[in-house]
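Worksheet: the structure to be examined is printed underneath.
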Amino acid sequence: MKKMTALMVLACVLALLFSSCDNFFSKNLIGSPRSYNPDKIGITASNSEEWFNATIGNNPLRIALIAATDRELKNPSLSPDDRAVLVNLRLRLTIDSAGLVESILTVGAESLKDIKFEDLDESFLENLLTDILDDFISKGGAEAADDIIDLLIDHISGKGKNQAPTFEPGFADNFKAGDVAETILILILAEMAGIEDFDSLDLSFFEKFILGLEVKDGHIVVSDEGEATEMALVLAAYINLIVDDESGKYESNPLTNLIKEAFLGLDN
């Protein structure tokens with residue numbers, strides 16, 4: 001694995017930095033904090049979007065809504081369609097709680113404000129990513145990655161050898177391309193957080209990251225050797241979701257396209 005492949009993720013991170021400014025300010029500069037009782041939040045699949053919109057700029061409400069959604073997901077009478085909607089809501093709340101966009105904007109803006117184009121070398125990018133990772137982890141990014149895995153692992157099929165991990169039919173229909181890109185980056189950054197020296201990216205970081213998986217016929221499949229971790233299975237399901245999409249929403253999103261090429265390029 002060449003270091004340049006690893007730096008493709010840096011490109012994804014920097015692309016997210018420049019593409020998320022409007023989204024960041026719309027999410028974080030409105031609303032007023034107060035306390036909320038999750039027991040009094042009547043969350044359903046039909047009103048989930050309304051509740052999600054109400055959390056914009058309101059972190060206490062987001063925390064309470066996470067608890068209320070977790071409670072409702074334990075309801076055994078939920079239909080598969082309603083469960084998929086509520087899991088998607090929980091994912092979006094988790095993405096916001098990870099503070100990835102905030103970390104990239106605050107740290108990235110500070111690092112880039114006086115930088116000249118000719119100074120954007122490999123060393124600068126590595127230092128920038130280190131700062132972003134430190135801020136991301138301090139905001140609970142690793143815990144958010146664990147939540148994402150717990151939410152999705154039971155909704156993934158194709159975990160056997162020579163199979164391509166995929167989400168259950170219809171489960172990911174409501175996923176948004178931007179959310180998918182951000183979720184993948186959360187998983188990657190949480191894994192990268194353990195790197196002490198980015199020279200180790202030369203040592204096939206991504207091949208180790210998806211240990212137990214391999215690229216085959218344009219998809220990521222469980223390899224004959226080794227056993228894929230839950231993190232790797234969730235990542236594989238996301239990449240295969242992008243590959244198999246026929247709606248065009250992932251192809252038209254530059255981040256999901258770039259992420260797909262980074263991982264499908266592992267066999268080159």
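What follows is calculated from the coordinates using simple rules that are stated; it is not laboratory data. The shown structure was predicted, so the numbers you read here are calculated from the model rather than taken from an experiment. Neighbour counts run over all protein chains shown; Cβ positions are idealised from the backbone, glycine included.
Counting every other Cβ atom within 10 Å of each residue's Cβ, Val180, Val215 order from fewest to most as Val215, Val180. Were the residues from Asn174 through Ser252 laid out at 0.36 nm apart, the gain over their Cα-Cα distance would be 26.5 nm.
Packing, taken as the mean count of other beta carbons within 10 Å per residue, orders the peptides 256-263, 183-190 from highest to lowest as 183-190, 256-263. If a spin label sat at a point 7 angstrom from the Cα of Leu264 along the line to its beta carbon, the backbone N atoms of segment 216-242 nearer than 12 Å would be those of 216-220, 239-242. In this structure, the pairs whose alpha-carbon distance is over 28 Å, taken from Lys74/Lys216; Lys74/Lys176; Lys139/Lys216; Lys40/Lys159; Lys74/Lys159, are Lys74/Lys216; Lys139/Lys216; Lys40/Lys159. At an R0 of 45 angstrom, the distance between the Cβ atoms of Asp39 and Ser123 translates into a FRET efficiency of 0.30.
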